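This report refers to the structure that appears directly beneath it.
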Amino acid sequence: MPASQFSSAQSARQALADRLRDVRLDAGLTARALSVAAGWHEAKTSKIEHGKQQPSEADLGSAPGSVDS
């Protein structure tokens, strides 16, 4: 992947991570509470919120308050 595509993908992943963290905080949830409610390990929540791991469609559907929940 060319550097420009990599940086663009990383920027998009970080923007999503920031938005997901903002949504969690607006909902009044701790990272631990979100992890429990979504059935995720706390490390997964941390990786997603720090842009180190991209959530799958299934992950987004299992998060509390999602359309599928």
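The values are calculated or read from the model by the stated rules, or taken from the named source; none is laboratory data. Since we're looking at a predicted model, the values are computed, not measured. When the accessible area is computed, the model is the full protein with side chains, heavy atoms only, and any ligands, DNA or RNA have been set aside. Shrake-Rupley method; radii C 1.70, N 1.55, O 1.52, S 1.80 Å.
Here is a list: S7, S11. Which entry is modelled with pLDDT of 90 or more and small (G, A, S)?
S11
Exactly one of (1) within 11 Å of the chain's Cα centre (by Cα); (2) assigned to a loop (DSSP other than H, G, I, E, B); (3) not aliphatic (A, V, I, L, M) is unmet by G28. Its number?
(1)
I'm trying to understand the selection: among the residues of region 21-51, which are of a type outside the set (S, T, Y) and open to solvent by less than 50 Å² (accessible area, probe 1.4 Å)?
R24, A31, A33, L34, A38, W40, A43, I48, E49, G51
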